[in-house]
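Colleague: Okay, here's the structure, questions in a sec.
FYI, it's all coordinate maths here, none of it is from the lab. Note that the structure is a prediction, hence the values are computed from the model and not measured. Every residue, glycine among them, receives a Cβ derived from its backbone with ideal geometry; neighbour counts consider all protein chains shown.
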């Protein structure tokens, strides 16, 4: 999710319905572009909460980040003193995974882009 636009709804819906993902992180990126504004961040999280409720996502972990500056990625940022949650890395390292459920299903690996390159060679005989 980007701080300047709400475009994560389709990705979340696909993740939830196609891949049975139960735990979501709402990483509100590009916070630097809105001056790390807490009011704007809170509005994005509130909008997303309405959407999440509509597709049956009971809970998600929101966090303000800026990939450009590394804010709240590995270290808490001084640009968001109002944020009291974990960094993205801290959260990802502590998420509980239900290995039993995952192992009971067939393996699926989603592919976003696939290309096949074909080579055509003309043979000439001198």
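Colleague: Label residue 99 and residue 47 with points 7 Å out from Cα along Cα→Cβ: what is the distance between them in nm?
Modeller: 4.0
Colleague: Mind giving me the nanometre distance, one decimal, between the label points for residue 30 and residue 75, set 7 Å out from Cα along Cα→Cβ?
Modeller: 2.6
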